[in-house]
Amino acid sequence: MIAERRTIRRFKQDALPAGVLTRLVNAGRLAPSGANLQPLEFICVDDPAVGREVFKFLAWAGYISPAGTPPEGKTPTAYILVLVNTSVRKENYQYDVGASVENMILSAQAEGLGCCWIASINRPALNALAGIPAAYIVDAVLALGYPDESPVTEVLRDSCKYWKDAEGRLHVPKRGLEQVIHFNKF
């Protein structure tokens, strides 16, 4: 499942079944948390009108902009906003976010969904839209839906920048295992 997971930026417009977002957030909340402080909270967006507003405040795939932005009719059908309650933890919460989001991404994969983890966010606008209190930070947004594309990985050669071929298929360079694994010493 991990080897097959790819970031998805083109989605079918089918609504997610009831309970899917709740299951994903449950997977996120069960992730490890430093000192078990559990500073994360989540806002699920499945209303199409609210989703269209959330979409406006996200930036997509900078390496291939504007081709990485989902076009009309291919946008996410749901979102999970990952919030950090800074009254619980003011710093080093990024580890909690990473573990939580990865749990949700893998759970989404198991549900047959595609997703895109987004950190390039117009936070002031999203805060206003969602009524997020000042003590909270929107760290990330997980865009979700049924995939309508099939990105592929390839061996990283000269650049880590992902790209689209003539048919519009996304190619994602990844370092080879032999380039990153060391045993006992560097």
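Please treat every number below as a calculation from the coordinates, not as lab data. Every value quoted in this text rests on a predicted model; they were computed, and no experiment measured them. Here the Cβ positions follow ideal geometry from the backbone for every residue, glycine too, while neighbour counts run over all protein chains shown.
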Highest GNM mean-square fluctuation, the chain, Cα pairs closer than 10 Å: which of Asp14, Asp158, Asp46?
Asp158
Highest GNM mean-square fluctuation, the chain, Cα pairs closer than 10 Å: which of Ala61, Ala130, Ala35?
Ala35
For the residues Glu111, Glu53, what sequence is obtained by ranking on other C-beta atoms within 10 Å, fewest first?
Glu53, Glu111
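GluC sites (Glu not before Pro) within segment 149-181: which are DSSP loop residues with at most 15 other Cβ atoms inside 10 Å? Provide the component values of the computation, followed by the final result.
Numbers: sites: Glu149, Glu154, Glu167, Glu178; in loops: Glu149, Glu167.
Taking segment 149-181 and a limit of 15 other Cβ atoms within 10 Å, the loop GluC sites (Glu not before Pro) found are Glu167.
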GNM flexibility winner over the chain from Ala59, Ala78, Ala134 (Cα, springs under 10 Å)
Ala134
How big is the antiparallel share of DSSP beta bridges in segment 56-186, given as a percent to the nearest 5?
80 percent
Go through segment 32-79 and name the chymotrypsin sites (Phe, Trp or Tyr not before Pro) that are in a DSSP coil and have 15 or fewer other Cβ atoms within 10 Å of their Cβ.
none
Using every Cα-Cα pair within the chain, state what percent have a distance larger than 28 Å.
28 percent
